[in-house]
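Worksheet: the structure to be examined is printed underneath.
The values are calculated or read from the model by the stated rules, or taken from the named source; none is laboratory data. Predicted model, so just to flag it, every value in this text is computed and none were measured. Positions of Cβ are generated from backbone atoms using ideal geometry, with glycine treated the same way; all protein chains shown enter the neighbour counts. SASA here: full protein model, heavy atoms, side chains in, ligands and nucleic acids out. Shrake-Rupley method; radii C 1.70, N 1.55, O 1.52, S 1.80 Å.
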Amino acid sequence: MDALLAGLGLIFTPSVALALLVGSLGGVIIGAIPGVGAAVAIAILLPATFAMPPLVGLTMLLGIYGSSMYGGSLPAILINTPGTPVNALTTYDGHPMTRRGEALRALGLAYGASFAGGILSILALILLSPVLARIAPMFGSREIFLAALLGIVLVVIAHRGQTFAAGSLAAFGIFLHTVGLEPVKYTQRFTFGLDFLSSGVDLIVVVLGLFAVSQAFVLLVDPDHAPESQNVSGNMFRAMAGVLRHKRIAAVGSGFGVLMGMIPGVGEFTAQFLTYTYAQKTSTDPDAFGKGSPEGLVASESANNAVPAAAMIPLLALGIPGEALTAMMLSVFYVHNVVPGPGLFRDHLDFVYALYIAMLLLNVIVVVFVALSSNLLMRIIRIPTRFLGMMILTLSFVGVFSLRNSVTDCLLAAAFGILGLILKRQNLPIVPIILGIVLGGIMEVKLRSAMARVHTPLDFVDRPIAAFLALAILALIGLHFWGVFRERRLNPPEFSHDHDIHESQQG
């Protein structure tokens, strides 16, 4: 109880309360503007949060992370343009409802489902994080190395159909971590005689380049346009209460969101499609899905909003991020020498409670804000895309330069921006690079520490948790290859058949 009261005291200090308000409202606005999204905003703000107290910086980032999907549903429903990528599924049923004249009902269901998913996942975070933190002391260097390796494997196989590309990009991220001075004997690694590489490739430079600068390039290269909008009239709070008619779907969506959020590399898209598939298969009117089904809309929004809080569970309990945004938040912890894991729950329980309370409050603040200001938000998002791209580019380079006052960092960010643009144009994933850098760092440190007590390969898995993690890695890889083999056997490539026809025609 004392820790809870101390956490409340921390939240209601002026600086933290202001950060929560700015992050929550700013996240809604950022999410509502197509082409920006939480990842871009957090990447731009990340350098500034290093100068703030840890709770202030994390509260602001959590506000943006947790509220951006609320904002992203607004243009998805009204103008058929998702504000954030994870709101793409919202357009399937949200916009058809708008065309039928049910815009208020669609927005109310989206906001109500998002609120339900957010609150239920925070309750899961509160219940599960301490349990996982109690188990965490059983994790030695070997176990943490294997847990990080399991995270890499999950990230790679989560990109179904792109596993080779995802694996290559994750390996590239691990390679980027190794550039610079080796941490034990301080020998140069992959610097190629270039002095500016001696200090390594900064994670924030890579994040800003791949997410913010690349998105600015996309907006500047694509044709300029400003979305059209329409007004919504009626009682939004009453419309939000309509989600109570779909309690089962909202609960299932929240459950899938929590489960998928806890697994590294899986995230919102998998949670959404699992929930959407479940809702369609159990619906009394499955043919309405994709044509304006309220159940489909609730399934999409409850699942995606349950993921952010769930993704914090492995971060707080084990210090292992599950996706790019929590990897960025991990850097804020480390800059302030606050190490996630069992020690955080033992020594800084008031800090943990303050984060829980902040996440609960941000959902309440956001729901009230979106209910009262949907029409105002629609006016805000009518920003020409090239002007928006120029703003993002300017803010990105200001953020990069502020890290170390280095023009070289700006050039590196521009290079990663071009790489990010190429990956986006080719529909290749960016997240494996970031997780490769973060998890690669964890793996290197823990492997060095573990090798002092490992003499044979079997010594590495001679403890129950290590053996379980190793078996899980092997099982996942085996199941993935079996799935690929089975799919190819059931759907053989058409090349050989086409080739035979061509040969016979030639003959």
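Here are the numbers for this structure:
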{"read-out": "Of all residues making up segment 424-459, the number that are out of contact with any helix residue (DSSP H, G or I) (no Cβ under 6 Å at 6 or more places or on another chain), hydrophobic (A, V, I, L, M, F, W, C) and touching a residue at least 12 places away in the same chain (Cβ under 8 Å)", "value": "1"}
{"read-out": "Criterion violated by PHE269 - all others in (1) within 24 Å of GLY66 (Cβ to Cβ); (2) buried (at least 20 other Cβ atoms within 10 Å of the Cβ) satisfied", "value": "(2)"}
{"read-out": "Residue match in segment 131-143 (condition: under 27 Å from ALA41 (Cα atoms), assigned to a helix (DSSP H, G or I) and out of contact with any Leu (no Cβ under 9 Å at 6 or more places or on another chain))", "value": "no"}
{"read-out": "Residues of segment 450-461 classified as out of contact with any Lys or Arg (no Cβ under 9 Å at 6 or more places or on another chain) and either open to solvent by less than 100 Å² (accessible area, probe 1.4 Å) or at pLDDT 85 or above (or both), total", "value": "3"}
{"read-out": "Top-ranked residue of segment 49-66 - restricted to ones that are open to solvent by 20 Å² or more (accessible area, probe 1.4 Å) and in a helix (DSSP H, G or I), ranked as farthest from VAL364 (Cα to Cα)", "value": "PRO54"}
{"read-out": "Leading residue by the ranking (nearest to the chain's Cα centre (by Cα)) among those in segment 1-41 that are open to solvent by 30 Å² or more (accessible area, probe 1.4 Å) and not aliphatic (A, V, I, L, M)", "value": "SER15"}
{"read-out": "Single match in GLY118, GLY94, GLY83 (criterion: closer than 18 Å to MET236 by Cβ, open to solvent by less than 10 Å² (accessible area, probe 1.4 Å) and either among the aromatic types (Phe, Trp, Tyr) or more than 19 Å from the chain's Cα centre (by Cα) (or both))", "value": "GLY94"}
{"read-out": "Whichever residue in segment 402-423 is free of Cβ contacts under 8 Å to residues at least 40 places away in the same chain and over 25 Å from the mean Cα position of the chain (by Cα) and, among such residues, is least open to solvent (accessible area, probe 1.4 Å)", "value": "VAL407"}
{"read-out": "Any hit, segment 155-177, residues being at positive phi, outside any helix (DSSP H, G or I) and open to solvent by 40 Å² or more (accessible area, probe 1.4 Å)", "value": "yes"}
{"read-out": "Exclusive hit being modelled with pLDDT under 85 and aromatic (Phe, Trp, Tyr), set PHE369, PHE345", "value": "PHE345"}
{"read-out": "Pairs, first under 9 Å from ILE433 (Cβ atoms) in segment 171-184, second assigned to a loop (DSSP other than H, G, I, E, B), C-beta under 9 Å, six or more apart", "value": "LEU176/GLY200; LEU176/VAL201"}
{"read-out": "Residue check, ARG346 closer than 24 Å to PRO82 by Cβ, open to solvent by 10 Å² or more (accessible area, probe 1.4 Å) and assigned to a helix (DSSP H, G or I)", "value": "no"}
{"read-out": "Residue in segment 90-103 that is touching a Phe, Trp or Tyr at 6+ places or on another chain (Cβ under 8 Å) and not in a helix (DSSP H, G or I) present", "value": "no"}
{"read-out": "Residue within segment 388-400 that is touching a His at 6+ places or on another chain (Cβ under 8 Å), assigned to a helix (DSSP H, G or I), among the β-branched types (Val, Ile, Thr) and surrounded by 19 or more Cβ atoms within 10 Å (Cβ to Cβ) present", "value": "no"}
{"read-out": "Odd one out for THR282, checked against (1) open to solvent by 20 Å² or more (accessible area, probe 1.4 Å); (2) closer than 26 Å to GLY37 by Cβ; (3) over 21 Å from the mean Cα position of the chain (by Cα)", "value": "(2)"}
{"read-out": "Residue ID - nearest to ALA147 (Cα to Cα), chosen from residues in segment 317-329 that are open to solvent by less than 10 Å² (accessible area, probe 1.4 Å) and over 15 Å from the mean Cα position of the chain (by Cα)", "value": "GLY319"}
{"read-out": "Residue list for segment 475-498, restricted to those being open to solvent by less than 80 Å² (accessible area, probe 1.4 Å) and modelled with pLDDT under 50", "value": "SER496"}
{"read-out": "Residue satisfying all of: in segment 424-445; open to solvent by 60 Å² or more (accessible area, probe 1.4 Å) and part of a helix (DSSP H, G or I); modelled with the highest pLDDT among these", "value": "ARG425"}
{"read-out": "Qualifying position, being part of a helix (DSSP H, G or I) and open to solvent by 30 Å² or more (accessible area, probe 1.4 Å), among VAL339, VAL332, VAL352, VAL364", "value": "VAL364"}
{"read-out": "Helices (runs of 4 or more DSSP H) wholly inside segment 234-316 that include at least 3 residues being under 23 Å from ILE365 (Cβ atoms) and not charged (D, E, K, R)", "value": "236-240, 247-262"}
{"read-out": "Of the criteria (1) open to solvent by 10 Å² or more (accessible area, probe 1.4 Å); (2) in a helix (DSSP H, G or I); (3) modelled with pLDDT under 85; (4) closer than 23 Å to LEU20 by Cα, which one LEU46 fails", "value": "(1)"}
